[in-house]
Amino acid sequence: MNTLTDLLAEASQGRFPAPDAGPTILPQPSPRDAGIIAFTAHNVIFADVEASWIRDRLPGGDLSAPLNPPFLSALEERMGRPINNIDMLALAEPLGGRPSIALVETAGTGHPRVELARRYRDAVRAWTCPGGLLVIGRGVAGRWEVAIEVEPGHQGRGLGRALARAARRLTPHPLWAQIAPGNAASVRAFLAAGYVPVGAEALFVP
């Protein structure tokens, strides 16, 4: 793969990097996007850092090393950018038809979740329903990403699952979701909505 965009396009079609090889080291797709994706037995590092510097700091044969604290801390210092979170990365194909819940598209002006999305994504669109918010935008290497939020008083009723599934009917593109592993409710919602875990991801934020 020549670019991260190419690699993610292949992954969205179910063609993942070969296990037990790599790491694959790629340039950043944009000044904003830098990080590490761990697929099954294969790590992809996209950062504007010399490949020799990266390889010198990764023990041979240790597939977990790129997402372990020593390497993450060294790369933070090298890039001068803090790491965000280590998220579960999930993927879902689009669905036909209309969402099962009534959604109203909104500019989302001032909503913290929408404003956060606009820091990390382009072409952001947002929809609301009673107790919930759904955001879709183009994130890492131009891939389409989804985020949802359910208000406390509406949690535990299946709304998160409904929003995550509705997102698959609002775009013709494969959808990627970055989910904090400790947010068990969100993990369950996305899994129930048909998203499949494909790896882990750590981003270094500007």
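For the chain, the solvent-accessible area with a 1.4 angstrom probe is 48 square angstrom per residue. In percent, rounded to a whole number, the relative contact order of segment 1-159 is 15, using alpha-carbon pairs under 8 Å and six or more apart. Each of Asn2 and Ala185 was given a label point 7 Å from its Cα along the Cα-to-Cβ line. The distance between the two points is 4.6 nm.
Projecting label points 7 angstrom from Cα along Cα→Cβ for Arg32 and Asp48 puts them 1.5 nm apart. Here the Karplus relation 6.51 cos²θ - 1.76 cosθ + 1.60, evaluated at θ = phi - 60°, turns the backbone of segment 32-39 into coupling constants of 6, 9, 9, x, 9, 10, 9, 8 Hz, with x for every Gly and Pro.
A simple spin-label model places pseudo-atoms 7 Å from Cα toward Cβ; at Arg15 and Val196 they are separated by 1.5 nm.
Within the accessible surface of the chain, defined with a 1.4 Å probe on protein heavy atoms only, the carbon and sulfur portion equals 53 percent. In order along segment 47-55, the Karplus-derived 3J(HN,Hα) couplings, from 6.51 cos²θ - 1.76 cosθ + 1.60 at θ = phi - 60°, round to 7, 7, 10, 4, 4, 5, 5, 5, 5 Hz, and Gly and Pro are given as x.
The values are calculated or read from the model by the stated rules, or taken from the named source; none is laboratory data. For clarity, every value in this text was computed on a predicted model and none was experimentally measured. As a convention, Cβ positions derive from the backbone with ideal geometry for all residues, glycine included, and neighbour counts pool all protein chains shown. When the accessible area is computed, the model is the full protein with side chains, heavy atoms only, and any ligands, DNA or RNA have been set aside. Shrake-Rupley method; radii C 1.70, N 1.55, O 1.52, S 1.80 Å.
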